[in-house]
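So the structure is just underneath, and the comments pick up after that.
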Amino acid sequence: MINMINKTIEEWYTSEKVTEISTLIGNTGYGKTYLAQKIQEIYCVNKWPFAVIDKMGIHYTIRTEFDEVIIIGGEYGDVEIEDLDSALHVILDKGYNYILDLSELDDPDAQELVTEYFNYMFEWHKMTRKPRNYMIEECDVFIGQGGGMLKVKNMISKCITKGRMNGFGFTLLSQRFRMIDKTPLGQTRNYIIFNMKLTNDLALLKNLVGEDISAQVRRLKEGRCIIMTDEGHTSYRVGTKLGKDAAETPQVGKILQDIKIKPLNQKIKDALELG
Ligand SMILES: Nc1ncnc2c1ncn2[C@@H]1O[C@H](COP(=O)(O)OP(=O)(O)OP(=O)(O)O)[C@@H](O)[C@H]1O
Ligand SMILES: [Mg+2]
């Protein structure tokens, strides 16, 4: 039986999760991105290291509340994507958190950049063994099933399968199990399940859990999830995050809020020599 007591994400998300593999799965609009942003806030509050690989260009919103997260690339970038290399030296040296906004690149260019990026990170982690969690929004763009992205998939799979003892942790987001390649997916320790309805996915879920929880999963409301770990599965409430929301669903008769972000923290600006 699922424990239906309303636990909150804060109760579950302890520092060990930084170097674990967690996968967020569920139908569109039920709160994967929202939870990912809530988790980023937990990292900011606790001063744990993270990076977001953001092909959608929606995670800059962490800066509506936290001025210490650097945005690289995209419309709100503090640093241009072309200057990633030089910025990364300072960022890794100081242990800053950052969003890698790839929204202005097409898929092949983003895949190429992410391949080189994780190649670099793999060597860096091997050398330093420092912990950091890498959150990959819509991860099927990089580790999806099927061909066309073999290089990037192999590189990220290498970081996932061989990286744990060097400090790698991952948070993967996707709508369906079947959209993610089996190698990285199979390394998942924590499955965070939002509402899903497709029989295929529910059958796969049944395989993973060893028991049929389809009825509960079909009924999960927005902002509710079931977390499956080695200890079993428990129902959680995501709760509200502090920051504003760029992935909000537009509603008829409701004006989408205009999002203003904070200027980057001055000390970090100075360290990055950003004037
Ligand atoms: N915990 C929550 N509290 C309040 N609102 C929420 C919560 N979770 C989701 N929402 C609302 O639902 C909207 C959609 O959620 P979100 O963008 O996280 O969906 P998603 O699962 O990432 O969907 P997609 O697969 O399309 O990216 C959010 O913008 C927010 O308005
Ligand atoms: Mg989303």
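Looking only at the range 187-220, residues that are without any contact (Cβ under 8 Å) to a residue 40 or more places away in the chain and not β-branched (V, I, T) come to 16 in all. The single residue among I136, I156, I99 that is among the β-branched types (V, I, T), within 16 Å of ligand 2 (Cβ to nearest atom) and within 14 Å of F168 (Cβ to Cβ) turns out to be I136.
For the range 5-74, give me every one of the strands (runs of 3 or more DSSP E) that falls completely inside it and has 2 or more residues that are under 20 Å from V90 (Cα atoms) and more than 13 Å from ligand 2 (Cβ to nearest atom). Before you say what the answer is, go through the steps one by one.
Working: elements: 21-25, 50-54, 69-72.
Result: 50-54, 69-72.
Among the residues of the range 20-31, those identified as more than 7 Å from ligand 1 (Cβ to nearest atom) and either modelled with pLDDT under 95 or surrounded by 20 or more Cβ atoms within 10 Å (Cβ to Cβ) (or both) are I21, S22, T23, L24, I25. Considering the range 32-91, and only residues there that are farther than 24 Å from K153 by Cα and among the small types (G, A, S), the residue that is nearest to ligand 1 (Cβ to nearest atom) turns out to be G77. Note on the range 225-246: residues that are surrounded by fewer than 20 Cβ atoms within 10 Å (Cβ to Cβ), within 12 Å of ligand 1 (Cβ to nearest atom) and either among the hydrophobic types (A, V, I, L, M, F, W, C) or part of a strand (DSSP E or B) (or both) amount to 3. Can you tell me which residue is surrounded by the most Cβ atoms within 10 Å (Cβ to Cβ) among those in the range 1-19 that are aliphatic (A, V, I, L, M) and away from ligand 1 (no atom under 16 Å from the Cβ)? It comes out as V18. Quick one: count up the residues across the range 235-258 that are more than 16 Å from ligand 2 (Cβ to nearest atom) and touching a Phe, Trp or Tyr at 6+ places or on another chain (Cβ under 8 Å). The number of residues fulfilling the criteria is 1.
For the range 97-132, which residues satisfy the criterion of being farther than 23 Å from Q37 by Cβ and of a type in the set (S, T, Y)? The answer is T115, Y120, T128. If you go through the range 85-117 and keep only what is in contact with a strand residue (DSSP E or B) (Cβ under 8 Å, 6 or more places away or on another chain) and either part of a helix (DSSP H, G or I) or modelled with pLDDT under 95 (or both), you end up with A87, I91, V114, Y117. Within the range 46-91, the residues that satisfy the criterion of being of a type in the set (A, V, I, L, M) and over 15 Å from E273 (Cα atoms) are A51, V52, I53, M56, I58, I62, V69, I81. When the range 159-199 is limited to residues that are within 16 Å of ligand 2 (Cβ to nearest atom) and β-branched (V, I, T), the one that is nearest to R132 (Cα to Cα) turns out to be T171.
Does T171 count as under 13 Å from E20 (Cα atoms), within 16 Å of ligand 1 (Cβ to nearest atom), in contact (Cβ under 8 Å) with a residue 12 or more places away in the chain and in contact with a strand residue (DSSP E or B) (Cβ under 8 Å, 6 or more places away or on another chain)? The answer is yes for T171.
The values are calculated or read from the model by the stated rules, or taken from the named source; none is laboratory data. Remember, predicted model here, so these are calculated numbers, not experimental data. Backbone-built Cβ (ideal geometry, glycine too); neighbour counts: all protein chains shown.
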